[in-house]
Amino acid sequence: MKKLFILITALLTGCTGIPEGIKAVDDFDANRYLGTWYEVARLDHRYERNLENITVTYTSREDGGIDVLNQGWDKKAGKLHFAQGKAYFIEQANEGRLKVSFFGPFYSGYNIIELDKKDYAYSMITGRDRSSFWILSRTKKLPEATLHDLIDEAKSLGFSTDQLIFSQQE
């Protein structure tokens, strides 16, 4: 019975890690992070294939967590796709490490590894490993120099930046 409990716990929490050698941002202010963000770039993710105009909106929950609404336009199907989830801090609320769930009790890591702390204008996100990666912005397009710097940083952290998909935002 003890082994079964350990296995279930590992399955439910094992996906909330952070890649080795990468640190989440500190001095994080969740209230400043709330609102709508535009996806600028990502590594391929099956839930976002064929989507354009991808946004994610974060709102506070009464239980101290964060509601997450991902939306994207499927041009082929001619309709909006969305996924609603919830996120909670893994450790301290001032560290950019959260666990997010779109499917019941199953959580994935949501690690904010770069953030414009002055204006909260852009961020870089990874999951538990380097196969999950996003660049988000408060605007539909980042200045070229900023985007270039973020891509360079991601490459130095071991992400496959040559495989980035640049989101279409109209």
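Filter the range 30-85 for residues that are hydrophobic (A, V, I, L, M, F, W, C), in a strand (DSSP E or B) and surrounded by 15 or more Cβ atoms within 10 Å (Cβ to Cβ) and give the result.
Trp37, Val40, Ala41, Leu51, Ile54, Val56, Ile66, Val68, Trp73
Residue check, Ala87 against (1) under 19 Å from Ile54 (Cα atoms); (2) within 13 Å of the chain's Cα centre (by Cα); (3) at pLDDT below 95, all met but one. Which one?
(3)
Looking only at the range 87-118, which residues are farther than 21 Å from Arg42 by Cβ and either without any contact (Cβ under 8 Å) to a residue 12 or more places away in the chain or not aliphatic (A, V, I, L, M) (or both)?
Tyr88, Phe89, Glu91, Gln92, Asn94, Glu95, Gly104, Pro105, Lys117, Lys118
Which residue is nearest to Lys23 (Cα to Cα), if the candidates are limited to the range 126-170 and must be small (Gly, Ala, Ser) and without any contact (Cβ under 8 Å) to a residue 24 or more places away in the chain?
From the range 126-170, those small (Gly, Ala, Ser) are 127, 131-132, 137, 145, 154, 156, 158, 160, 167; that's our starting set.
Then drop every residue that is not without any contact (Cβ under 8 Å) to a residue 24 or more places away in the chain, which leaves 145, 156.
On the way: Ala145: 23, Ser156: 13 Å.
Looking at residues that are small (Gly, Ala, Ser) and without any contact (Cβ under 8 Å) to a residue 24 or more places away in the chain, I get Ser156.
In the range 17-69, what residues are in contact with a helix residue (DSSP H, G or I) (Cβ under 8 Å, 6 or more places away or on another chain) and free of Cβ contacts under 8 Å to residues at least 40 places away in the same chain?
Correct list: Tyr58, Ser60, Ile66.
I need the full set of residues from the range 90-122 which are surrounded by fewer than 18 Cβ atoms within 10 Å (Cβ to Cβ) and at pLDDT below 95, in order please. Can you show your working first?
Of the range 90-122, the ones surrounded by fewer than 18 Cβ atoms within 10 Å (Cβ to Cβ) are 91-95, 102-106, 116-121.
Matches in the range 90-122: Glu91, Gln92, Ala93, Asn94, Phe102, Phe103, Gly104, Pro105, Phe106.
The values are calculated or read from the model by the stated rules, or taken from the named source; none is laboratory data. Here the structure is a predicted model, which means the values were calculated and not measured. As a convention, Cβ positions derive from the backbone with ideal geometry for all residues, glycine included, and neighbour counts pool all protein chains shown.
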